[in-house]
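K.L.:
There's a structure below that I have some questions on.
The values are calculated or read from the model by the stated rules, or taken from the named source; none is laboratory data. All of these numbers come straight from a predicted model, not from anything done at the bench. Neighbour counts are summed over all protein chains in view; Cβ atoms, including those assigned to glycine, are modelled from backbone coordinates with ideal geometry.
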Amino acid sequence: MEPVMNNVMSEIFISSILGKTVINTQGHEIGKLWDLIMVPGEVFPEVSHLLVKKGRRILSIPWNRISLFNRFVISIAGATNHLPEYIAKDGEILVKRDILDKQIVDVNGAKVVRVNDLKLGSYKEHLCIFFVDIGFRGLLRRLGYEHLGEKIAGILKKQLPHQHISWEYVQLLEMNLSRLTLTVAREQMKELHPADLAHIISQIPTKNIQTVLNSLDTETAGEAIHELEPELRSRVISQLDSEQASDILEEMDPDEAADVLGDLPEEKAQELLGLMDVEEAEDIQELMEHEEDTAGGLMNSEFLAISSELTVEDALKEVRLLAPDVETVYYVYVTNPDERLQGVVSLKELIMAPPNSSISELMSTNLKTVDVEAAPEEILEIIAKYNLIAVPVLDKEDKMAGIVTVDDILELFLPYALRRRRHHHH
C-alpha cells in the first residue's frame with residue numbers, strides 16, 4: 001500500500017517530528033519516532049524506513065507502510081502487532097545519527113557548516129531531504145525555542161535570516177555518507193578556487209579530508225594542498241595513500257612540490273620521490289638541495305634542554321648552570337635521552353611553578369617546530385602566527401638541532417636601514 005502522500009505536509013522539519021508519537025490506524029501508540037534511514041534517491045536522498053522506539057526496542061517500519069506523515073500525525077497502516085526490530089547494517093545512513101549536528105561542505109558558499117536541521121518534503125511518492133538548515137533559527141527550532149527567534153532578533157536589532165542550503169549543494173564528509181552527495185555538488189567542488197578548497201580542508205577533521213580530495217581531479221587537489229599551511233599540508237600528504245600523494249605531487253610545479261616534500265620527514269619524502277616520474281623527481285630533489293637560506297643555516301645550536309623527569313626545583317638549578325653558555329634564554333626545551341623534543345616550558349612558567357611539581361606536567365607538548373631545510377618564509381610564518389620568540393629546529397632524524405630566534409629571522413627580512421635603526425635603539 002502506498003502512503004497517502006497528500007497527507008505529507010509539503011515541508012516538514014526533522015526537528016518537529018523526531019520524538020513524535022507514532023500510532024496505528026486504530027489510534028493506538030506504537031512508539032516514538034527515533035530516526036529515519038536514508039538511501040540515495042532518483043534526485044534527493046529518500047527515506048526508506050522509519051525507526052520507532054518502543055520501550056527498549058527499536059522497530060524498523062518501511063516507508064510504504066506509512067499512511068499519514070505530517071507534523072501532527074504519523075500513522076502506520078495494516079497490522080502492527082509483529083513489526084520487525086531494527087538490525088543495524090554497515091554503511092547505513094541515519095538522519096539523526098549521521099547528518100544532524102555534523103559538519104558538511106556548502107559547495108556554493110565554499111565553506112564548512114553545521115547541520116542544525118533538515119527540511120523534508122515529498123517527491124514522486126517519496127519523502128526526501130530537500131534542504132539543510134545551517135542558521136541560528138534552525139538551532140533554536142531544534143532546541144524547541146523557535147518562538148524566541150523574533151525576540152532575539154529584536155534584542156540584536158537585526159533579522160535572523162533563514163539559512164538553508166539546497167541538498168544539491170551539500171558535500172557530505174564521512175566516507176560512508178558520500179554516496180548521498182549529488183553530482184551537482186561534486187562538479188561544483190571541482191570549480192572552486194584552490195584557496196577556497198584549502199580553506200574548506202583546513203576547517204574539517206583530518207579523517208574527512210580524503211573524501212574532499214577524492215571529489216577533485218589530481219591537479220586541483222595538488223593546487224589546494226599547496227595552498228594549505230605547511231604543518232597541515234604535511235599532515236594531509238602523510239595521511240594519503242603514497243601512490244595518490246605522489247600522483248598529486250607530480251601534478252604540482254616542481255618548486256611547489258619541493259615546498260611540500262621539504263615539510264615531510266626525510267623517509268616519507270624519499271618514498272614519495274621514488275614513486276614519481278624519474279625526471280620530475282630529479283628536478284624536485286635538486287630544488288630541495290639548493291635552499292641557501294634554511295633553518296639549518298639560520299639556527300643557533302646552543303639552547304637549553306632538560307629532562308622531563310626533573311622537578312621544577314632541579315630544573316631551575318640546571319638552567320642556572322647552563323644559562324651562561326646560551327645566548328637566548330626564553331624557552332627551556334624538554335628532550336628525552338635520544339635528543340628528541342618532548343615539550344617546552346617558558347622561563348616565566350618555570351619560575352612561577354611550585355618547586356616540587358614535575359616538568360612533565362608543566363611542559364606544553366603542542367609544539368611548533370621546523371626542520372633544518374625550512375625556508376625563512378615558513379619560519380617567519382610560524383613565529384608570527386604563534387607569537388614565538390624562538391622556534392625549535394629538528395634534524396632529519398627528528399632530533400633537536402637548534403633554534404631560530406625571532407631576531408635571526410627578522411634580520412633576514414628587514415631592510416638594512418630598518419635593521420640599523422633597530423640595533424641603534426637596543
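K.L.:
Inside the stretch 59-74, can you point out the residues that are in contact (Cβ under 8 Å) with a residue 24 or more places away in the chain and within 14 Å of LEU18 (Cα to Cα)?
P.N.:
Answer for the stretch 59-74, where residues must be in contact (Cβ under 8 Å) with a residue 24 or more places away in the chain and within 14 Å of LEU18 (Cα to Cα): PHE69, ASN70, ARG71, VAL73, ILE74.
K.L.:
Restricting to the stretch 19-69, give me the number of residues that are in contact with a helix residue (DSSP H, G or I) (Cβ under 6 Å, 6 or more places away or on another chain) and in a loop (DSSP other than H, G, I, E, B).
P.N.:
The number of residues fulfilling the criteria is 3.
K.L.:
Related question: Do you know which residues across the stretch 30-60 are under 13 Å from PRO84 (Cα atoms) and among the aliphatic types (A, V, I, L, M)?
P.N.:
Across the stretch 30-60, the qualifying residues are ILE30, LEU50, LEU51, VAL52, ILE58, LEU59.
K.L.:
Return the residues of the stretch 260-272 that are under 17 Å from GLN244 (Cβ atoms), in a helix (DSSP H, G or I) and in contact (Cβ under 8 Å) with a residue 24 or more places away in the chain; say none if nothing qualifies.
P.N.:
The answer is VAL260, LEU261, LYS268, GLU271, LEU272.
K.L.:
Could you list, in sequence order, all residues of the stretch 306-332 that are in a strand (DSSP E or B) and either within 33 Å of the chain's Cα centre (by Cα) or at positive phi (or both)?
P.N.:
TYR331, VAL332 - these are the residues of the stretch 306-332 that are in a strand (DSSP E or B) and either within 33 Å of the chain's Cα centre (by Cα) or at positive phi (or both).
One line per residue, one yes/no per condition, for (1) aliphatic (A, V, I, L, M); (2) within 34 Å of the chain's Cα centre (by Cα):
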position	(1), (2)
TRP34	no, yes
VAL43	yes, yes
HIS49	no, yes
GLY55	no, no
PHE69	no, no
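K.L.:
Right, something else. Among the residues that make up the stretch 110-128, is at least one of them among the acidic types (Asp, Glu), assigned to a loop (DSSP other than H, G, I, E, B), closer than 19 Å to ILE12 by Cβ and at pLDDT below 85?
P.N.:
yes
K.L.:
Condition first: on the phi > 0 side of the Ramachandran plot and touching a helix residue (DSSP H, G or I) at 6+ places or on another chain (Cβ under 6 Å). Now tell me which residues in the stretch 333-388 satisfy that.
P.N.:
none
This table checks each residue for (1) surrounded by fewer than 21 Cβ atoms within 10 Å (Cβ to Cβ); (2) of a type in the set (A, V, I, L, M, F, W, C); (3) more than 12 Å from the chain's Cα centre (by Cα); (4) at pLDDT below 80.
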{"residue": "ALA185", "(1), (2), (3), (4)": "no, yes, yes, yes"}
{"residue": "ASP196", "(1), (2), (3), (4)": "yes, no, yes, yes"}
{"residue": "HIS199", "(1), (2), (3), (4)": "yes, no, no, yes"}
{"residue": "ILE204", "(1), (2), (3), (4)": "yes, yes, no, yes"}
{"residue": "LYS207", "(1), (2), (3), (4)": "yes, no, no, yes"}
{"residue": "GLU219", "(1), (2), (3), (4)": "yes, no, yes, no"}
{"residue": "ILE225", "(1), (2), (3), (4)": "no, yes, yes, no"}
{"residue": "GLU231", "(1), (2), (3), (4)": "yes, no, yes, no"}
{"residue": "GLN239", "(1), (2), (3), (4)": "yes, no, yes, no"}
